[in-house]
Amino acid sequence: MCNRYKTAKDIERLRTIFANAPDDWIEHSDHKYDTVYPKSTVPVVLSVNGEQQYMNFRWGIHPFWAKTKSQILTNSKSEEVLNKPIWTESFRRRRCLMPAEAFFEPATVEGKKYQMRFELKSGAPFAFAGLWEKSHSEQINCCSLLTCEPNSLVAEIHGRMPVILPSELFDYYLTTPADEAQDLIDVLRPYPAEDMIGTFDSTST
């Protein structure tokens, strides 16, 4: 489960993958820490009438069955998006991209706990495949990132990883019609391990 990642905070860097990103897009996301955690306000990209829209949503979907507001789902298993009622409609009709520069997973080495930082070898920003919906407890938009089986690099310390989409698949993921959503399953796969690096993280924020 991924519950911490680094958002891209440089709009010019973001424009290398989202050319039309507006100047004020990331000004409305959380900047308290260098990385974001569940319930943070994070940048997302949607497709509305065939055009990309740049928004900021809260990370973590509050499911209809939750008994308290603190129960949120930050990750969604890609293998379950078409057979679990909680995800089906969102995957068919409310998909989003969540830009990032790195994600973190806990690791234990010789009894000591660490955080491993994973990013692209190129150092470029990227985007997770995500879902969004309006909170059942509050009238705010929320998002959850999709996960898949890990590649060989991430598998050394964790059993899942976020779905990182190549930029050439952004429009396909966002604009595929609801009745063709099942065709997207094939692109929800591990990002190539040879194009990523993992390092011990020396920060806690």
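The values are calculated or read from the model by the stated rules, or taken from the named source; none is laboratory data. None of the values given here were measured: they were computed from a predicted structure. FYI the Cβ positions are ideal-geometry reconstructions off the backbone, even for glycines, and counts take in every protein chain you see.
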For this session: Quick one: count up the residues across region 70-79 that are surrounded by 14 or more Cβ atoms within 10 Å (Cβ to Cβ) and either modelled with pLDDT under 95 or of a type in the set (D, E, K, R) (or both).
Result: 4
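This table checks each residue for (1) modelled with pLDDT under 95; (2) out of contact with any Asp or Glu (no Cβ under 6 Å at 6 or more places or on another chain); (3) hydroxyl-bearing (Ser, Thr, Tyr); (4) surrounded by 20 or more Cβ atoms within 10 Å (Cβ to Cβ).
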| site | (1), (2), (3), (4) |
| --- | --- |
| SER135 | yes, yes, yes, no |
| ILE140 | yes, yes, no, no |
| LEU146 | no, yes, no, yes |
| ARG160 | no, yes, no, no |
| THR176 | no, yes, yes, no |
| GLN182 | no, yes, no, no |
| ASP186 | no, yes, no, no |
| THR205 | yes, no, yes, no |
For this session: Please indicate, with yes or no, whether at least one residue in region 151-160 is of a type outside the set (Ser, Thr, Tyr) and closer than 19 Å to PHE57 by Cα.
Result: no
Seminar exercise, completed: The strands (runs of 3 or more DSSP E) lying wholly within region 52-153 that contain at least 1 residues that are free of Cβ contacts under 8 Å to residues at least 24 places away in the same chain and either over 16 Å from the mean Cα position of the chain (by Cα) or under 22 Å from ILE11 (Cα atoms) (or both) are 102-109, 112-120, 126-134
Seminar exercise, completed: Taking region 37-51 and the residues there that are loosely packed, with under 13 Cβ neighbours inside 10 Å and either without any contact (Cβ under 8 Å) to a residue 24 or more places away in the chain or of a type in the set (S, T, N, Q) (or both), the one that is farthest from ALA181 (Cα to Cα) would be GLU51
